[in-house]
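The values are calculated or read from the model by the stated rules, or taken from the named source; none is laboratory data. Predicted model only: the values in this text are computed from it and were never measured. When we count neighbours, we look across all protein chains shown, and the Cβ atoms used for this are built from the backbone with ideal geometry, even at glycine. Heavy atoms of the whole protein, side chains included, go into the accessibility calculation; ligands, DNA and RNA do not. Shrake-Rupley method; radii C 1.70, N 1.55, O 1.52, S 1.80 Å.
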Amino acid sequence: MTTAAAIPVLLTGCARGIQPPNTLFIAYGIEDSWFSKESKTLIEGRLTEFTENFKRTSPDTNVVLFGYKFGQLQEQIISDTKLNLGPDLIVSASGLIKSLHNKGYVDALPARINWDQTYSPLVKEIASIKGQYVAAPVLIFTQVACYNKRTVPASPQTIQELEELTASGTRVGLSLTPEGLWWTAGSMGAIKEMSALGLNKSKTTKFKSIRSWLAWLRKAALYKNISFFKSELRKDESLINGELDWISCDAGGIEQLRNKMGDTLGVSALPNGAQTAAFPIPYYISFGLGSSSSKSQRDAAIKYIQSSTNLIVQRQLMLRNTDFLPTNKHVTIPTRSSQALQAINTSFNDQVRGYSEEWPGVTRFVFGEKNNPNRYQELTSALADLISGYLTVDQTLDIFTSFSEGSKP
């Protein structure tokens, strides 16, 4: 999640050798485009909240944190684990933890603990493989709209209203990545077709909804007041500096925006369409068990997870923070306490959950299967080429829908 030089600390034998034996090593990743000293401080501050609670009952355990760019995290964990020097806990997106598990570098959560008492069926689906918990989600972040209340008194409720705002001079910033643009596919009614394609259940060859969405993106690229950004950091900075008035943003960046913008920052759910809801992509920050821990370190890691996901701690986090949702299903969300929290709750519990049936198909549509490992990059390149004018709408549509040819669920 911001950019600067990578932290040069590695999980080396020397690093572990100078620590006492009762040490818990935790590795975490930061999105490459968000990697900076500021974001490292923010994330480690949040992890410190978990650590302080853990140390109330485990005061003699030393907790050591290691931060990496997200793009380097998996490779680093694999290389360290091969030397039996891997982390005891990994904090990352649930997808990366599942990937590491499939490669043998993350162990499943112990079945002796009833994790269903903590997690809802939706979170379980995200955290498990074939019904077995592999990741332990601890925080839920999603996408929302962030805006300058001095220039945008009220955030648009529909994507049509957003277009009208840009026509009147409001400067809008959108992401250029698939996950950053997918909310607009929901607002334009394209999600059901994408899901059907992903599951090979499509009964049409015209894909009118997907085409309409791509045509909307192409039209948006022509607007003077709509800009597309590869870098989330650059987009956020443009809002802070007054170069933009309204942006789509990750909830994880709200605190940094608020620190710079103060009371001028407004936060709302992303605009829906006339008939369908936006489709914001959530991400689940989760714990994973490294596979090279000693028994005492494994016991400490499990205790750290349990102390971070229990009802009391998650409730306390909700009262102190307003940029994420809890993963413990028993925590009541105090939406009246914060505009940002209300927006995030709407994003996840109204917009995201509203597409629960479509999620499996859309996930496969975006990321492909083993027979198409480059699917995500193909979509990323096609969207960039569409928005730059290199590809036409129909050429982009061909790339998007060619996924169905010869694919097997």
*Give me the accessible area of Phe367, 1.4 Å probe, in Å² rounded to the nearest 10.*
120 Å²
*asked:* In whole Å, what are the extents of the range 185-303 along the principal axes defined by its C-alpha atoms, from largest to smallest?
replied: 57, 46, 24
*asked:* Just to verify a number: what accessible area does Asp263 come out at with the full protein assembly present, 1.4 Å probe, Å² rounded to tens?
replied: 140 Å²
*What shape does the chain take by its C-alpha gyration tensor, where a ≥ b ≥ c are the square roots of the eigenvalues and a/c under 1.5 counts as rounded, a/b above b/c as prolate, and the rest as oblate?*
prolate
_If amide hydrogens are placed 1.01 Å from N in the peptide plane, which non-local residues have theirs closer than 5 Å to the one on Ser293?_
none
*asked:* Check which residues have an amide H placed less than 5 Å from Leu24's amide H, if you skip close sequence neighbours.
replied: Asn62, Val63, Val64
_What are the extents of the Cα atoms of the range 239-387 along their three principal axes, in Å, largest first?_
53, 49, 32
*Expressed as a rounded percentage, what relative contact order does the chain have, with Cα pairs under 8 Å and six or more residues apart?*
23 percent
*Using the heavy atoms of the protein chains alone and a 1.4 angstrom probe, what is the accessible area of the range 137-210 per residue in square angstrom?*
39 Å²
*Distance check, please: which entries in Lys192/Lys235; Lys40/Lys98; Lys82/Lys295 exceed 20 angstrom between their Cα atoms?*
Lys192/Lys235; Lys40/Lys98
*Where both residues lie in the chain, what percent of DSSP beta bridges are antiparallel, nearest 5?*
60 percent
*Using modelled backbone amide H atoms (1.01 Å from N, in-plane), which distant-in-sequence or interchain residues come within less than 5 Å of Arg171's amide H?*
Asp245, Trp246
*Net charge of neighbours whose Cβ lies under 12 Å from the Cβ of Ser296, counting Lys and Arg as +1 and Asp and Glu as -1*: 0
*Only Lys, Arg (+1) and Asp, Glu (-1) charged, at Cβ; the range 188-227 dipole about Cα centre in debye*: 140 debye
*asked:* List the residue ranges in the chain for DSSP H helices whose C-alpha atoms run 15 angstrom or more along the long axis and whose Kyte-Doolittle average is -0.5 or above.
replied: 208-222, 375-388
*So, counting K/R as plus one and D/E as minus one, what does the shell of residues with Cβ under 12 Å around Tyr284 add up to?*
+1
